[in-house]
Amino acid sequence: MKNAIGEFPEGFLWGAATAAYQIEGAVTEGGRGKNIWDTFTHTPGAIKNGENGDIACDHYHRWREDIALMQQLNLDAYRFSIAWSRILPQGRGTVNQAGLDFYSRLIDGLLEAGIQPFVTLYHWDLPQALQDEGKGWLRRGIVEDFVQYTDVVTRAFGDRVKHWTTFNEPGVFTWGGYVLGEDAPGWRMQPGAALTALHHVFLAHGASAQVIRENVPQSQVGIVLDINVAEPASEAPEDVAAALRFDGMQNRWFLDALLRGEYPADMVALFGEQMPRIETGDMQRMAVPLDYLGINIYRRSVIAHGDELVPVNYCRVLPPGEHTLMGWEVYPKCIYDILKYVNERYGPPKIYITENGIALPDEVSPDGHVHDERRIAYLRDHLTYLQRAIAEGVPVRGYFVWTLMDNFEWALGFEPRFGLIYVDHQTQQRIMKDSGYFYADIAKKETAVK
Ligand SMILES: CO[C@H](O)c1c[n+]2c([nH]1)[C@H](O)[C@@H](O)[C@H](O)[C@H]2CO
């Protein structure tokens with residue numbers, strides 16, 4: 001199909017993405033159990049402005065209205081996550097039928113609207129009961145809990161949902177949650193804790209993929225990673241070495257483990273005593289064949305030597321130029337560079353851009369519209385580089401904007417607005433931004449130029 005950006009493969013999916021804790025609200029409704037983000041956001045000082053996702057975008061009650069907005073955007077697909085603690089309030093054991101019913105109605109509504117559901121099983125919101133019982137992902141037994149959760153939801157929705165992502169960005173929630181303290185559960189520990197948690201997440205991924213394939217005929221199974229191509233800040237040997245360590249930690253640790261069944265030797269040597277306990281067969285258990293790789297792409301990564309993050313000892317350098325509200329550089333060619341990096345080294349069968357977007361201080365103008373020209377430029381320029389990568393043979397089959405609507409941006413609260421749709425979080429009014437109309441035109445099939 002052809003649109004204002006250029007030629008895209010027939011069947012290319014134009015989507016938008018969200019996550020349960022960031023949009024649903026209704027945290028004590030419908031039998032939902034507590035999760036670690038409920039706890040973390042109510043911990044004084046954890047979240048900017050003391051905000052939380054108790055109400056968020058009230059999507060739990062407004063999902064019909066939100067599906068109608070997705071139709072206005074001409075979406076082919078919608079990427080969303082299921083809240084584990086809505087399905088299994090205690091993380092395991094008794095199933096909450098009201099939780100299954102909510103997602104079943106949502107999925108039926110999407111299908112009726114002609115929108116394909118892309119489900120993420122885990123987007124950071126671990127049931128608090130599992131955190132309390134045995135330190136969450138640090139306990140190897142959690143793999144079995146995740147398998148039960150996978151089994152329940154794929155039996156319930158596998159007749160209608162074919163695209164299943166096990167985890168969103170394993171590195172972010174383990175490193176952020178167990179070392180940096182920036183994400184739930186907010187622990188500041190040694191890197192070894194994050195590597196152990198990550199090892200168990202990888203095992204859970206492999207076991208979950210098996211269950212999905214057993215329960216869902218014609219399923220497509222993948223995982224979502226944030227891959228970053230490292231550019232040394234200078235030609236100085238210490239910066240070049242730091243960029244290699246960044247590449248090892250940010251990219252090869254995940255891609256080698258999940259696609260090749262081995263941890264990269266240089267990083268194993270670097271981590272030494274911090275390495276997780278690896279049992280016989282573990283690496284084969286995690287490296288199950290995948291139907292697609294989801295990649296979240298936002299920015300370029302210019303890396304220099306740094307003394308803080310021991311033992312990886314790298315730090316990001318922010319080049320001059322345009323930056324987003326997150327303090328990230330706007331560098332559209334990053335999407336081309338990252339796709340070429342992954343395709344040339346690992347050659348996944350299919351790729352989806354599962355997140356790409358920009359945080360801006362959007363405001364409603366006196367005319368009642370949100371004129372977010374910078375987001376239009378960001379999307380247009382990244383899509384142009386995406387189209388170039390596809391034309392050069394990278395097997396990208398879909399693109400999901402982060403995000404459908406302005407939502408709860410984790411430790412930063414509601415201030416960073418990423419949405420195609422503006423949300424007034426006091427009134428819950430939704431307003432399509434100018435970028436939403438732009439994207440609807442990109443996604444609209446009738447605009448196809450013969
Ligand atoms: C460096 O960006 C990461 O890849 C990334 C960015 N983002 C993410 N991962 C998460 O998957 C989303 O939940 C965030 O809301 C979103 C915006 O911050």
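Distance between the modelled labels on residue 371 and residue 214, one decimal in nanometres: 5.8 nm (7 Å Cα→Cβ projection). Once all protein chains are placed together, residue 425 keeps about 30 Å² accessible to a 1.4 angstrom probe.
Assuming charge only on the beta carbon of Lys and Arg (+1) and of Asp and Glu (-1), the dipole of segment 110-264 about its Cα centre is about 460 debye to the nearest 20. For the chain, the square roots a ≥ b ≥ c of the C-alpha gyration tensor eigenvalues yield an a/c under 1.5, which makes the shape rounded. Pairs with C-alpha atoms separated by more than 28 Å, drawn from the list 2/433; 34/433; 162/433, are 34/433; 162/433.
Note: relative contact order over segment 2-443, using C-alpha pairs below 8 Å and six or more positions apart, is 18 percent. Counting only aspartates and glutamates at least 8 places from residue 48 when in the same chain, those with an alpha carbon closer than 19 Å to its own are 38, 125, 182, 183, 362, 406, 409, 415, 424.
For segment 134-212, the list of trypsin sites (Lys or Arg not before Pro) that fall in a loop by DSSP and count at most 12 other C-beta atoms within 10 angstrom reads 188.
At full extension, residue 95 and residue 274 could sit 60.8 nm farther apart than now, given 0.36 nm per residue minus the alpha carbon distance.
Of the GluC sites (Glu not before Pro) found in segment 9-69, those in coil by DSSP whose Cβ has at most 11 other Cβ atoms within 10 Å are 10. Please identify which residues in segment 23-62 have an amide N closer than 13 Å to a label point set 7 Å out from the Cα of residue 424, following the Cα→Cβ vector. Within reach of a label on residue 424, which here means backbone N under 13 Å from a point 7 Å along Cα→Cβ, segment 23-62 contributes nothing.
Springs join every pair of Cα atoms under 10 Å in this Gaussian network model of the chain, and among 320, 276, 264 the largest mean-square fluctuation is at 320. Between residue 415 and residue 71, the modelled labels are 3.8 nm apart [label points 7 Å from Cα along Cα→Cβ]. Each Lys and Arg adds +1 at its Cβ and each Asp and Glu adds -1 at its Cβ; summed about the Cα centre, segment 210-320 shows a dipole of about 360 debye. Note on residue 133 and residue 64: the model spin-label points, each 7 Å out from Cα along the C-beta direction, lie 3.7 nm apart.
Placing +1 on the Cβ of every Lys and Arg and -1 on the Cβ of every Asp and Glu, with nothing else charged, gives the chain a dipole about its Cα centre of roughly 960 debye. Subtracting the Cα-Cα distance of residue 318 and residue 148 from 0.36 nm times their residue separation leaves 56.9 nm of extension gain. Tell me which GluC sites (Glu not before Pro) from segment 302-402 have a DSSP coil assignment and no more than 16 other beta carbons within 10 Å of their own. Listed in order of number, the matching sites are 308, 322, 363, 392. Two tests apply to each whole DSSP H helix in the chain, Cα reach of 24 Å or more along its axis and mean Kyte-Doolittle hydropathy of at least -1.0, and the ones passing both are 191-215, 373-391. Taking the 1.4 Å solvent-accessible surface of segment 2-443 as the whole, the part contributed by carbon and sulfur is 50%.
All other residues whose Cβ lies under 14 angstrom from that of residue 51 are scored, Lys and Arg at +1 and Asp and Glu at -1, for a net of -3. Remark: the residue 160-residue 108 segment gains 17.9 nm on full extension, using 0.36 nm per residue and subtracting the alpha carbon distance.
The values are calculated or read from the model by the stated rules, or taken from the named source; none is laboratory data. A quick note: this is a predicted structure, and the numbers were derived from the prediction, not measured. Neighbour counts are summed over all protein chains in view; Cβ atoms, including those assigned to glycine, are modelled from backbone coordinates with ideal geometry. Quick note on the areas: whole protein, heavy atoms, side chains included, nothing else; ligands and nucleic acids left out. Shrake-Rupley method; radii C 1.70, N 1.55, O 1.52, S 1.80 Å.
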